[in-house]
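One structure below.
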Amino acid sequence: MTVALIVLGVILLLLALWFFGAYNGLIKVRNLVEEAWAQIDVELKRRHDLIGNLVETVKGYAAHERGTFEAVTQARAAAMSPGQSPTQTAASEAALSQALVRLNAVAEAYPDLKANTNFTALQAELGATEDRIASARRYYNANVRELNTKVESIPTNFVAGIASVRKAEYFELESPTEREAPKVSFDPAPGPSAGQLPPAPPAPSSIQDAPPTAPPA
């Protein structure tokens, strides 16, 4: 009887240790996910500020491009809306990136603007910020994958239910240029292909017509 109680006590102790270990592991990964998302949020705010400054710089050279500026401003305001989930944030940031493509297209038409030191510095800093966002996104999604695996796997899913730990959303941010299909144009009257010679004119016939014969008398 004593041996059985000792064995039972050891089993219960091991179960308790496993439960606390699984619980703490879930909480740790959840905190890592929240920390990684906070880092993404910091970089996104930096991105929004840089885009706002970029718009003001371009306005000084192309004030008549009002439609483009309004599109970027509206997309930026939507991206800065608080309380968005990772999926909603990805959608609003993609829309902002699409509007930014239009702004860059406007800037291409003004050589003086492209040579402006403030404009080039903003573009360089924006590019560095995009790289940091990509790095932070990879770190965040790696932690989300680990958390979701623990939440869905047996037996840690039982602990996740007790601890109220739920799956997290991935942050998938696509570049608008990656979604554009290649443009193919068809010339209605195509000429000879590059590197291809035009067809040669027909060669003269080697057989000459015979002179007409005189009619019989």
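The values are calculated or read from the model by the stated rules, or taken from the named source; none is laboratory data. Being a predicted model, the structure only gives us computed values, none of them experimental. Reconstructed Cβ throughout: ideal geometry from the backbone, glycine too, with neighbour counts over all protein chains shown.
Some observations on this one:
- Of the residues making up segment 21-53, those that are crowded, with 17+ Cβ neighbours inside 10 Å and more than 28 Å from the chain's Cα centre (by Cα) are Ala22, Leu26.
- Test: residue in segment 169-186 that is of a type in the set (D, E, K, R), closer than 28 Å to Thr89 by Cα and at pLDDT 95 or above: yes
- Taking the criterion of being of a type outside the set (A, V, I, L, M), surrounded by fewer than 16 Cβ atoms within 10 Å (Cβ to Cβ) and either outside any helix (DSSP H, G or I) or modelled with pLDDT under 90 (or both), the only residue of segment 113-122 that qualifies is Lys114.
- So Arg47, is it of a type in the set (Lys, Arg), more than 30 Å from Phe158 (Cβ to Cβ) and touching a residue at least 40 places away in the same chain (Cβ under 8 Å): yes
- Test for Tyr110: is it over 24 Å from Ala78 (Cα atoms), surrounded by 13 or more Cβ atoms within 10 Å (Cβ to Cβ) and either small (Gly, Ala, Ser) or touching a residue at least 12 places away in the same chain (Cβ under 8 Å) (or both): yes
Listed here are the residues, each with its yes/no results for (1) surrounded by 13 or more Cβ atoms within 10 Å (Cβ to Cβ); (2) part of a helix (DSSP H, G or I); (3) at pLDDT below 95.
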site: Ser92; (1), (2), (3): yes, yes, no
site: Leu103; (1), (2), (3): yes, yes, yes
site: Val106; (1), (2), (3): yes, yes, yes
site: Ile133; (1), (2), (3): yes, yes, no
site: Arg138; (1), (2), (3): no, yes, no
site: Glu146; (1), (2), (3): yes, yes, no
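- Selection count, segment 54-77, where residues are in a helix (DSSP H, G or I) and either surrounded by fewer than 16 Cβ atoms within 10 Å (Cβ to Cβ) or on the phi > 0 side of the Ramachandran plot (or both): 8
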